[in-house]
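Working notes, structure below.
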Amino acid sequence: MEDFSIIILFLFVLFLLLGTGVWVGLALMGVAWVGMELFTTRPVGDVMLTTIWSASSSWTLTALPLFIWMGEILYRTRLSEDMFKGLSPWMAALPGGLVHTNIVGCTVFAAVSGSSAATLTTVGKMSIPELRRREYPERMIIGTLAGAATLGLMIPPSLTLIVYGVTINESISKLFFAGVLPGLVLASMFMAYVAISSRLSKSWNPTPEPPMSLSERVANSRFLIPVFLLISVVIGSMYLGFATATEAAAFGVIGGLVLAASQGSLNWKTFTESLMGATRTSAMIALILAGAAFLSLSMGFTGLPRGLADLIAQWELTRFELLMVLLLFYIILGMFLDGISSVVLTMAVVEPMVREAGIDLIWFGIFIVVVVEMAQITPPIGFNLFVLQGMTSHEMGFIARAAFPMFLIMVLMVFVLIVFPELATWLPDNIRQGPG
Amino acid sequence: MAALRGLRSALDFTYLAAGVLASLCLIAILVLIVLQMLARWIGEVAPGIPEYAGYFMAAASFLAFANALNRGSHIRVSILLNAVPPHIARWIDVWCFAIGTAVMWYVVYYGWRFVNFSIMINDISQGQDRTPLWIPQSFMLLGAVIMAIALTDHLIHLLFDGKHRIQRDLVDQSFGE
Amino acid sequence: APATAEKWDMPMAYSASNFHSATGAEFAKCVTTGTGGEIEIVTHPSGSLFPGAQIKRAIQTGQVPIGERLLSGHQNENALFGFDSVPFLATSFDDSAKLWEAAKEPMTELLASQNLTLLYSVPWPPQGLYFKNEVTSVADMEGIKFRSYNNATSRLAELTGMLPVTIEAAEISQAFATGVADAMVSSGSTGYDRKVWESLNYFYEVDAWLPRNYVMVNSQTWEGVSEANQNVIRGCAELAEYAGNWRSKEYTSFTLQGLRDGGMTVGPASEQMVNELKEIGVTMTDEWLESAGEQGAAIVEAFKAMQ
Ligand code: NA
Ligand code: NA
């Protein structure tokens, strides 16, 4: 009963603060403060600062501003145009046209970035203006981007999988391999959705691309060379063992600057603009992360997430039922918590449950990633929604609605994983060696 | 009046200067990470770099808070604000700025305590850098103070002027057109 | 329910399935039952409340009443905290227990001066050396990229001619998979947990040292506990220390078998290597004594007297 009143209170304060327009990071801090003041006897302010400092000064976080900066640099170069020149002749032929560049772009960039927000910013900055210029339906542009960017969490490297692997003592390289095929399948499902809905939609009327011969298309692909060069420098540095993920992000920035310079688009103005833009965007995300860290801590003190997981454990369900309950549970939790926090907070109770039910924990890691991906695009707290809001000045509601079909595709993906568990387990079982 | 104008430009300068300082922290992170890689390749040791990168990360975030606020980078749910008539929106805005101001001054107060605790219990970094932690933590506090001042600044403007001073930068905000 | 029921949140840094966390959970249950619910301890494993690095400070400043921390992480603050991590000083569970006996008093005093009351301490399994390729002497280690995470492990790398590479705990698996590092010093359990056999092939049981986790209470909180309950908690702590020690030993053989099953060659180091490492141990003990002052010297002396 106490749990119930805590839930109601958290929800009420959360909706009040977020709904009236208090900045998200500050609103999360406010909710967490109320929760702690009412339900614990701990010194709230001191706890808050310890948590904020610890969350803000983390070494692993440094990859985020660097990947954002890389995106800012690429945005201010001719690269976005070039990528479109290179990709569009191939994508234009597909039903759904250039919207596919959103998905393909995210899939490729996900192989460099461990975070969904960084994938979103980098790819979105390139693709949103280009797609708008061609008058593709705004909802399609925003929705596919919000959905496909979450592949940043599934296709290795992935911060979520690292946190999950460390929490449950499973091999991180195995988890990384496990994410590859489901990532590609999910990307194909997004593309299939785009293709089908473009055929069914009556309002689908983008500016048609000029027709192009095969040799012209191949010739146009030269525009892709800089992008792929950059991405192979970043991925290559990681997989050949020159650099860790954060260091690969530094390669990305330097590579971006070198490319910009070689194109003649690097000057003092674009340099400072890209730098200040990255500084502000990463500050925005850092404020939300700080608030989320404090909220997670506050919920940890109240024991709420564990109480819920305990409740589920009491029901004694079959494997499929358990997965369905967990799916629902994480979808609801994911509406309010960031993915990493919900993994860390609940795994203590969920892990024994899952082990007992005989579910493969590598497979379950990918299941968790899909539900965490959903959390990125479900309101009221969904990181990709916030980032997209910052990028496009659309309303949260609009973005959430645009992303809703992607959410459904991810739900479908869960069932695909249940029916074909080999998608996640085959690659890690058959590749024993680390890459490189 | 001249005093007020002086204060105005001093404040604006502070917000901008903190933002520039934050961006220098980002460059510092980049340089540190490159140094770490170079050191490894030539077989040298560059101890403590992850810790320093973390400190610069915190400083970059907090020092840029105010600048990000002034440029409308911080995210908020504005469904309600856009739906109601302007005179009501103004009071909702007052509420938001009041909450934001309160939360941030609360952070400043406990941030001050936090830094003092670090000095008092002699909290030293557990990494190879051995940095007394109050030093990097002070930059977090400084950023929080500037953010709290900026929120107060907007709140006062909103109360007496009828509007806050957040300028949404369209180039920064929407990458269309 | 008892009139004065108190809830103690207890942050722990390691995963719920780790034996330290299991010991902590049983200790919590023992206290809750023993005090008739007057004090209910709730453990929060996996760093879900505070990450390891913040736990000592959180207890000190009363943010939580109780918690568990690997104190050798705080050597920068006071070299004495590193007494359990001097390489090749105490190289078995028995020696570790003796060293702890020698250090108990100065450590309790040091902690008391920091507003902390010590309850119990449990050692990790002994630290061994992981390598990608076979190594039979210190000379073989020349130029190998060695994962270091603090000054002592960097120094160890330096003295053995290896290249210290700083790698955060979260990046261990990736760093080995990608060849950023080819060796590390750690317990069998770390290697087992991280499944390092995917990248590394040799584990040498050199038993370099046995670092310890410590469970501590905020001293003001402790003073506020009734004498009867203090006795209950002390009793539970003693049980926990005993059980934890036992688990640590069990877990050592379990994880080493796990490494073998994973395909690693697990065994003692060559005699030559052991002797060379012992010499390095003497150097490092001397260096530690320089920074740990009289109290450090007293610990080492008392320990040697027990041999
Ligand atoms: Na990724
Ligand atoms: Na969400």
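The values are calculated or read from the model by the stated rules, or taken from the named source; none is laboratory data. Since this is a predicted model, take the numbers as computed values, not measurements. Glycine also receives a Cβ, built like all others from the backbone with ideal geometry; neighbour counts cover every protein chain displayed.
Within the range B:125-139, can one find any residue that is aliphatic (A, V, I, L, M), more than 25 Å from B:Ala22 (Cα to Cα) and out of contact with any Ser or Thr (no Cβ under 7 Å at 6 or more places or on another chain)?
No, the conditions are met nowhere in the range B:125-139.
Conditions: (1) among the β-branched types (Val, Ile, Thr); (2) surrounded by fewer than 22 Cβ atoms within 10 Å (Cβ to Cβ); (3) touching a Leu at 6+ places or on another chain (Cβ under 7 Å). A:Thr270 meets all but one. Number of the miss?
In the conditions (1) among the β-branched types (Val, Ile, Thr); (2) surrounded by fewer than 22 Cβ atoms within 10 Å (Cβ to Cβ); (3) touching a Leu at 6+ places or on another chain (Cβ under 7 Å), A:Thr270 misses (3) alone.
Of everything in the range A:14-55, what is touching a Phe, Trp or Tyr at 6+ places or on another chain (Cβ under 9 Å), without any contact (Cβ under 8 Å) to a residue 60 or more places away in the chain and within 24 Å of A:Leu308 (Cα to Cα)? Give them in sequence order.
A:Val34, A:Val44
Identify all residues within the range A:101-155 that are crowded, with 24+ Cβ neighbours inside 10 Å, outside any helix (DSSP H, G or I) and touching a Ser or Thr at 6+ places or on another chain (Cβ under 7 Å); write none if there are none.
Hits for the range A:101-155 are A:Ser113, A:Gly114, A:Thr150, A:Ile155.
Quick one: in the range A:121-149, of everything that is under 12 Å from the mean Cα position of the chain (by Cα) and more than 12 Å from every other protein chain (Cβ to nearest Cβ), which residue is farthest from ligand 2 (Cβ to nearest atom)?
Going through the qualifying residues, I end up with A:Ala148.
List the number of the failed condition for A:Thr160; all other conditions in (1) of a type outside the set (A, V, I, L, M); (2) surrounded by fewer than 15 Cβ atoms within 10 Å (Cβ to Cβ); (3) in contact (Cβ under 8 Å) with a residue 12 or more places away in the chain hold.
With (1) of a type outside the set (A, V, I, L, M); (2) surrounded by fewer than 15 Cβ atoms within 10 Å (Cβ to Cβ); (3) in contact (Cβ under 8 Å) with a residue 12 or more places away in the chain applied to A:Thr160, the lone miss is (2).
For the structure I just gave you, tell me whether A:Pro182 is more than 16 Å from ligand 2 (Cβ to nearest atom) and modelled with pLDDT of 90 or more.
yes
Filter the range A:343-383 for residues that are without any contact (Cβ under 8 Å) to a residue 24 or more places away in the chain and either more than 14 Å from every other protein chain (Cβ to nearest Cβ) or within 16 Å of ligand 1 (Cβ to nearest atom) (or both) and give the result.
A:Phe364
I'm checking my understanding of the structure. Among residues of the range B:37-50 that are more than 7 Å from chain A (Cβ to nearest Cβ) and outside any loop (DSSP other than H, G, I, E, B), which one is nearest to the chain's Cα centre (by Cα)?
The qualifying residue nearest to the chain's Cα centre (by Cα) is B:Ile49.
Name the one entry in C:Ser96, C:Ser85, C:Ser121 that is small (Gly, Ala, Ser), away from chain B (no Cβ under 14 Å) and within 20 Å of C:Tyr14 (Cα to Cα).
Only one candidate qualifies: C:Ser121.
In the range A:21-39, which residues are at the interface with chain B (Cβ under 8 Å from one of its Cβ atoms) and in contact with an Asp or Glu (Cβ under 9 Å, 6 or more places away or on another chain)?
Correct list: A:Gly21 only.
Under 19 Å from the mean Cα position of the chain (by Cα), within 14 Å of chain C (Cβ to nearest Cβ) and within 15 Å of ligand 1 (Cβ to nearest atom): does that describe A:Gly165?
Yes, satisfied.
Within the range C:207-227, track down each residue that is among the hydrophobic types (A, V, I, L, M, F, W, C) and in contact with a helix residue (DSSP H, G or I) (Cβ under 6 Å, 6 or more places away or on another chain).
Those that are among the hydrophobic types (A, V, I, L, M, F, W, C) and in contact with a helix residue (DSSP H, G or I) (Cβ under 6 Å, 6 or more places away or on another chain): C:Trp209, C:Leu210, C:Met216.
Exactly one of (1) within 14 Å of another protein chain (Cβ to nearest Cβ); (2) under 21 Å from A:Met374 (Cα atoms); (3) more than 20 Å from the chain's Cα centre (by Cα) is unmet by A:Phe242. Its number?
All conditions are met except number (2).
Return only the number of the condition from (1) buried (at least 21 other Cβ atoms within 10 Å of the Cβ); (2) over 28 Å from A:Leu304 (Cα atoms); (3) in contact with a Lys or Arg (Cβ under 8 Å, 6 or more places away or on another chain) that C:Phe83 does not satisfy.
C:Phe83 satisfies every listed condition except (3).
Quick check on the range C:82-132: of everything there that is of a type in the set (Ser, Thr, Tyr) and not in a helix (DSSP H, G or I), which residue is farthest from C:Trp222 (Cα to Cα)?
So in the range C:82-132, the residues of a type in the set (Ser, Thr, Tyr) come out as C:85, C:91-92, C:96, C:108, C:113, C:117, C:120-121, C:130.
Still in the running and not in a helix (DSSP H, G or I): C:91-92, C:117, C:120-121, C:130.
On the way: C:Thr91: 34, C:Ser92: 33, C:Thr117: 7, C:Tyr120: 14, C:Ser121: 17, C:Tyr130: 42 Å.
Going through the qualifying residues, I end up with C:Tyr130.
Considering C:Ala228, C:Ala240, which residue is closer than 16 Å to C:Thr23 by Cβ and among the small types (Gly, Ala, Ser)?
Exactly one residue qualifies, and that residue is C:Ala240.
Among (1) closer than 29 Å to C:Arg155 by Cα; (2) facing chain A (nearest Cβ under 8 Å); (3) not aromatic (Phe, Trp, Tyr), where does B:Leu26 come up short?
Unmet for B:Leu26, out of (1) closer than 29 Å to C:Arg155 by Cα; (2) facing chain A (nearest Cβ under 8 Å); (3) not aromatic (Phe, Trp, Tyr): (1).
Among the residues of the range C:176-192, write down those that are within 19 Å of C:Pro123 (Cα to Cα) and free of Cβ contacts under 8 Å to residues at least 24 places away in the same chain.
C:Thr190
If a residue counts only when it is under 22 Å from the mean Cα position of the chain (by Cα), which helices (runs of 4 or more DSSP H) contained entirely in the range A:1-93 have at least 2 such residues?
Passing ranges, in order: A:24-39, A:44-56, A:63-76, A:79-92.
Using beta carbons and a limit of 7 Å, which pairs, at least six apart or on different chains, have the first residue in the range A:104-117 and free of Cβ contacts under 8 Å to residues at least 60 places away in the same chain and the second one β-branched (Val, Ile, Thr) and within 16 Å of ligand 2 (Cβ to nearest atom)?
none
Among the residues of the range B:54-107, which ones are farther than 20 Å from B:Asp161 by Cβ and either acidic (Asp, Glu) or more than 9 Å from chain A (Cβ to nearest Cβ) (or both)?
B:Ala83, B:Trp105
Report whether or not A:Leu308 is away from ligand 1 (no atom under 16 Å from the Cβ), more than 10 Å from every other protein chain (Cβ to nearest Cβ) and under 19 Å from A:Leu61 (Cβ atoms).
no
Name the single residue, out of those in the range B:108-129 being of a type in the set (Phe, Trp, Tyr) and in contact (Cβ under 8 Å) with a residue 24 or more places away in the chain, that is nearest to the other protein chains (Cβ to nearest Cβ). Even if it seems obvious, please write down each step before you answer.
Here is the first cut: in the range B:108-129, the ones of a type in the set (Phe, Trp, Tyr) are B:109-110, B:112, B:114, B:117.
This time we only want the ones that are in contact (Cβ under 8 Å) with a residue 24 or more places away in the chain, so: B:112, B:114.
On the way: B:Trp112: 9, B:Phe114: 4 Å.
The selected residue is B:Phe114.
If you check A:Ile73, A:Ile103, which single one turns out to be under 23 Å from A:Phe251 (Cα atoms) and either touching a strand residue (DSSP E or B) at 6+ places or on another chain (Cβ under 7 Å) or of a type outside the set (D, E, K, R) (or both)? Reasoning before the result, please.
Details: A:Ile103 fails: under 23 Å from A:Phe251 (Cα atoms).
A:Ile73 is the lone residue from the list that is under 23 Å from A:Phe251 (Cα atoms) and either touching a strand residue (DSSP E or B) at 6+ places or on another chain (Cβ under 7 Å) or of a type outside the set (D, E, K, R) (or both).
Of all residues in the range C:33-50, how many are outside any strand (DSSP E or B) and crowded, with 19+ Cβ neighbours inside 10 Å?
First, the residues of the range C:33-50 that are outside any strand (DSSP E or B): C:33-38, C:45-50.
Now narrow it down to the ones that are crowded, with 19+ Cβ neighbours inside 10 Å: C:35, C:38, C:45-50.
The qualifying residues number 8.
Determine whether the range B:130-138 contains at least one residue that is free of Cβ contacts under 8 Å to residues at least 12 places away in the same chain, out of contact with any helix residue (DSSP H, G or I) (no Cβ under 6 Å at 6 or more places or on another chain), within 11 Å of another protein chain (Cβ to nearest Cβ) and of a type in the set (D, E, K, R).
Looking for residues that are free of Cβ contacts under 8 Å to residues at least 12 places away in the same chain, out of contact with any helix residue (DSSP H, G or I) (no Cβ under 6 Å at 6 or more places or on another chain), within 11 Å of another protein chain (Cβ to nearest Cβ) and of a type in the set (D, E, K, R), one finds none in the range B:130-138, hence no.
Condition test on A:Leu74, is it of a type outside the set (Val, Ile, Thr) and at pLDDT 80 or above?
Here the answer is no, as A:Leu74 does not meet what is asked.
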